[in-house]
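The values are calculated or read from the model by the stated rules, or taken from the named source; none is laboratory data. What you are looking at is a predicted structure, and each value in this text was computed from that prediction instead of being measured. Glycine gets a Cβ as well: all are built from the backbone with ideal geometry, and neighbour counts include every protein chain shown. Protein only, heavy atoms only, side chains kept; ligands, DNA and RNA dropped before computing areas. Shrake-Rupley method; radii C 1.70, N 1.55, O 1.52, S 1.80 Å.
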Amino acid sequence: MDTKTIDQLLDRFEKTGVVGEGNSRVKLVVNRLVRDLMLAIEDLDITPEEFWSGLNYFAEAGRNGELGLIAPGIGLEHFLDLRMDEAEARAGLKGGTPRTIEGPLYVAGAPVAQGEARLDDGQTAGEVVVMQGVVRGTDGQPVAGATVEVWHANDKGNYSYFDTTQSAFNLRRTIVADAQGRYKFRSVMPVGYSCPPGGATDRLLQQLGRHGHRPAHIHFFVSAPGHRKLTTQINIENDPHLWDDFAFGTREGLVPKVYTNNDRAAMNALNVDKPFYEIQFDFTLHADQVRAPATDFARTRAAA
Ligand SMILES: [Fe+2]
């Protein structure tokens, strides 16, 4: 079918069954996506079998909660980050900690701690890591009372809540930075993980000839009144997949040095009997900017 015929068909569709104004934005977006899909079906000669296979694929992915994993896996979540970077640059924003994908595994409602926290429940295997730093504005001034929400996987690559064998909010906290903008937490080192084997994302990636591995990382939301919310992650250096993340989350500026602390007094202070890891990482937030799109946007998220 040629493009002119497709456009005539779409014009007829849009004028059929009309009972009201509807939502102009939804109409614009849906009509565009339907047209693009029709053009793709035409150009690629997508067969009915392929079409229904695709439709049922998304239905299954939705039932199994994997759409939030497919979006980063095909690069769309990173694409949205890059578009936000461009919008901020156009609005004149410079510097600031790089953003990167949120992913689908945040859970709202984590316990709140003042200044510092222990993220693990004391029953979680893994090597001890202490991470700390300062939240600043782009003017270099500390942001007193900034909120640092942190979440990460355990030593098997699983997240509490989604992994029901872990205690509630294990490896998840909301830390309120002190008057000098400082935050600090103790936890156990996360490891990288993969898409659920045999799941919708995994099967898609296999068809694309790609793997579904993520390097070890720690997620953050950093926010404060008068500032743009930062969604980011830090990566643990030396992970074999550091620059080969299926979700495209690794970015320059988000791979801090990981130090090993083997000082006996420091170990005693943490009540550990072997050296532990230390990470120093400061976050830099942009001040509110009405000319750039909001970074604190609504998205359906788990809550416990
Ligand atoms: Fe993650």
Exercise for the section: Between beta-carbons, use under 14 Å as the cut-off and find the net charge around A144, counting Lys and Arg +1, Asp and Glu -1. Expected result: 0
Exercise for the section: Using only Cα atoms, locate the centre of the stretch 268-303 and the centre of the stretch 1-62, then give the distance between them in Å, rounded to an integer. Expected result: 40
Practice task
Mind checking the full-extension length gain between L28 and T5? Use 0.36 nm per residue of separation minus the Cα-Cα distance, one decimal, nm.
Solution key: 6.3 nm
Exercise for the section: Mind giving me the nanometre distance, one decimal, between the label points for L80 and E237, set 7 Å out from Cα along Cα→Cβ? Expected result: 3.1
Problem - Long-range HN-HN contacts of A113 with modeled amide H, under 5 Å - result: T174, I175, V176
Handout entry: Per residue solvent-accessible surface (Å²) - the stretch 1-103, probe of 1.4 Å
Key = 70
Exercise for the section: Just the number, please: carbon plus sulfur as a percent of the accessible area of the chain, 1.4 Å probe, no ligands or DNA/RNA counted. Expected result: 54
Practice task
Can you pull the one-decimal nm distance between simple spin-label points at N268 and V112, each 7 Å off the Cα toward Cβ?
Solution key: 3.7
Problem - Under Karplus coefficients 6.51, -1.76 and 1.60, residue-wise ³J(HN,Hα) of the stretch 287-304 in Hz, glycine/proline x - result: 5, 3, 8, 5, 7, 10, x, 4, 9, 9, 8, 5, 7, 5, 10, 5, 9, 9
Practice task
Please go through the stretch 201-304 and write out the GluC sites (Glu not before Pro) that DSSP classes as loop and that have at most 10 other C-beta atoms within 10 Å.
Solution key: E252
Problem - Local electrostatic count at V258 - Lys and Arg +1, Asp and Glu -1, tallied over other residues with Cβ under 12 Å - result: -3
Fill in the blank from the handout: Cβ-Cβ cut-off under 12 Å around T201, Lys and Arg +1, Asp and Glu -1: the net charge is 0
Completion exercise
If each part is reduced to its alpha-carbon centroid, the stretch 132-182 and the stretch 73-113 end up apart, in Å, by 16
Practice task
Would you mind computing, in nm to one decimal, how far apart the modelled labels at R35 and A91 are, each placed 7 Å from Cα along Cα→Cβ?
Solution key: 2.9
Practice task
Mind listing the long-range amide H neighbours of A287? Cut-off is under 5 Å, sequence gap 5 or more, other chains count too, H placed in the peptide plane at 1.01 Å from N.
Solution key: T138, R228
Practice task
Note the direction-averaged projected area, equal to a quarter of the hull surface, for the Cα convex hull of the chain, in nm².
Solution key: 19.6
Fill in the blank from the handout: Any trypsin sites (Lys or Arg not before Pro) in the stretch 237-275 that lie in a DSSP loop and have at most 15 other Cβ atoms within 10 Å would be K257
Fill in the blank from the handout: HN-Hα couplings for the stretch 106-119 via Karplus (6.51, -1.76, 1.60; θ = phi - 60°), in whole Hz with x for Gly/Pro, come out as 6, 10, 6, x, 5, x, 9, 10, 9, x, 9, 8, 9, 7
Handout entry: All lysines inside 18 Å of K94 as judged from Cα atoms, apart from same-chain residues fewer than 8 positions distant
Key = K229
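What helices does the chain have that are whole DSSP H segments, at least 20 Å long along their own axis by Cα, and with mean Kyte-Doolittle hydropathy of -0.5 or more?
Span-like helices here: 24-44.
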Practice task
May I ask you to derive the FRET efficiency for F58 and K156 from their Cβ-Cβ distance with R0 = 41 Å, giving the value to the nearest 0.05?
Solution key: 0.90
Problem - Using a Förster distance of 22 Å, the FRET efficiency for T138-F297 (Cβ separation, nearest 0.05) - result: 0.55
Exercise for the section: Calculate for the chain the 222 nm mean residue ellipticity that helices alone would give, adding -39,500 (n - 2.57) per DSSP H run of length 4 or more and normalising by residue count, nearest 500 deg cm²/dmol. Expected result: -9000 deg cm²/dmol
